[in-house]
Amino acid sequence: MTNTIVLKNLTKVYGHNVAVNHISLKASAGEIIALLGPNGAGKSTLMNMIAGFVAPTEGEIFVDGLNTFENPLQAKERIGFLPEGAPLYPDMSVDMFLHYMACLRGVSEQEIKQAVALAKIENVLKQKIETLSKGYLRRVGFAQSILSNPKILLLDEPTDGLDPNQKEHMRRLIAQMGKDKTILISTHLLDEAQSVCNRIVLINRGNIKADGSCAEILKETRTKSLEAAFRKLTTVPENA
């Protein structure tokens, strides 16, 4: 199976803070991977480096076989990214924003309509983005991430702000799309990681602490729940 994402010795340092510490990772099409970890673990930094928004201090990133440093535009063409906070243009209508993003990506009108339908945002297309609820902001951000039907999806807290019905719809959609894409999801929701993802990468202090299926991680940590495994791998000793 061809690896669509390969990280080699990836490191990011901010001053004296090591946000990501020599991480190596491979991911393939058909994998839906949950990036789990406490706040400040390095999950968002890792995603931002893969997406090309943040330059690594050290290491290499390959997207669909392309070195992202040597071929940044070609690599980004293969990625759909929903960042934390979904930065959007508040004075644009939803429809205007999606057409603007589609123009940048070279996406057809039909593909815009498909993304709108998948994200279920038909009823807010004419609204200004600044008037949308948090849930709709996430759904508009998700729609722009899938506009070009990318091979790779990076989703940072994709269900944040969604109500229970919207969360269920989003999770089913991700599961369906993950059959032929590589999807990385940063989430704090352990039930989401278990129900949607077929692989879990648990990060703490910029280091990978566990990588495998939920069953494999429970066996390795000798725990009976993902919550217990999470606590065991991320709790800082009092004398640390």
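No value in this document is a laboratory result; all are computed from the given coordinates. Just so it is clear, the structure is predicted and the values come from calculations on it, not from any experiment. Virtual Cβ from ideal backbone geometry, glycine too; neighbours counted across all protein chains shown.
Applying the Karplus parametrisation 6.51 cos²θ - 1.76 cosθ + 1.60 with θ = phi - 60° to the phi angles of region 58-71, what ³J(HN,Hα) value in whole Hz is obtained for each residue in order, glycine and proline being reported as x?
With the stated coefficients, region 58-71 comes to 7, x, 10, 10, 10, 10, 6, x, 9, 6, 5, 6, 7, 10 Hz.
Compute the distance in nm between two label points, each set 7 Å from the Cα along the Cα-to-Cβ direction, one at ALA175 and one at LYS8.
Spacing of the two 7 Å Cα→Cβ label points: 3.7 nm.
Using a Gaussian network model of the chain whose springs link C-alpha atoms within less than 10 Å, name the residue from CYS214, CYS197, CYS103 with the highest mean-square fluctuation.
CYS103
How much length would be gained if the chain were fully extended between SER225 and ASN207, taking 0.36 nm per residue of separation minus their Cα-Cα distance, in nm to one decimal? All intermediate terms of the calculation are to be shown ahead of the outcome.
Numbers: separation 18, 0.36 × 18 = 6.48 nm, distance 2.13 nm.
Gain on extension, SER225 to ASN207, equals 4.3 nm.
When Lys and Arg each count +1 and Asp and Glu each count -1, what net charge do the other residues less than 9 Å away from LEU202, Cβ to Cβ, add up to? Before the final figure, lay out the partial values.
Details: positive: LYS209; negative: ASP211.
Net local charge, LEU202 excluded: 0.
Hey, which of these cross-link pairs are over 26 Å Cα-Cα: LYS8/LYS113; LYS113/LYS179; LYS8/LYS134?
On the way: LYS8/LYS113 38 Å; LYS113/LYS179 22 Å; LYS8/LYS134 36 Å.
Listed pairs above 26 Å: LYS8/LYS113; LYS8/LYS134.
Helix-derived [θ] at 222 nm for the chain: sum -39500 (n - 2.57) over DSSP H runs of at least 4, divide by residue count, nearest 500? Each step should come with its number before you reach the end.
Values: 9 runs with 87 residues, N = 240.
Mean residue ellipticity at 222 nm (helix-derived): -10500 deg cm²/dmol.
Which one, VAL107, VAL201, VAL20, has the greatest fluctuation when you compute a Gaussian network model over the chain with C-alpha springs under 10 angstrom?
Of VAL107, VAL201, VAL20, the Gaussian network model singles out VAL107 as fluctuating most.
Report the trypsin sites (Lys or Arg not before Pro) located in region 27-135 that are in a DSSP loop and have at most 15 other Cβ atoms inside 10 Å of their Cβ, or state none.
Working: sites: LYS43, LYS76, ARG78, ARG105, LYS113, LYS120, LYS126, LYS128, LYS134; in loops: ARG78, LYS120, LYS126.
In loop regions of region 27-135 (DSSP not H, G, I, E or B), the sparsely surrounded trypsin sites (Lys or Arg not before Pro) are LYS126.
How much FRET efficiency would the formula 1/(1 + (r/R0)^6) give for GLU216 and LYS126, where r is the Cβ-Cβ distance and R0 is 35 Å, rounded to 0.05?
Numbers: r = 48 Å, r/R0 = 1.37.
Efficiency computed from Cβ-Cβ geometry: 0.15.
So what is the relative contact order of region 86-149, in percent, for Cα pairs below 8 Å that sit 6 or more residues apart?
Working: 64 pairs, mean separation 32.8, N = 64.
Computed over region 86-149, the figure is 51 percent.
Of the candidates ASP160, ASP95, ASP191, which one comes out as most mobile in a Gaussian network treatment of the chain with C-alpha springs shorter than 10 Å?
Among ASP160, ASP95, ASP191, the largest GNM mean-square fluctuation belongs to ASP191.
Express in whole angstrom the spacing between the alpha-carbon centres of region 197-233 and region 8-80.
20
Please state the relative contact order of the chain as a whole percent: Cα pairs under 8 Å, 6+ residues apart? Walk me through the intermediate numbers first.
Working: 445 pairs, mean separation 63.9, N = 240.
With pairs under 8 Å counted, the relative contact order is 27 percent.
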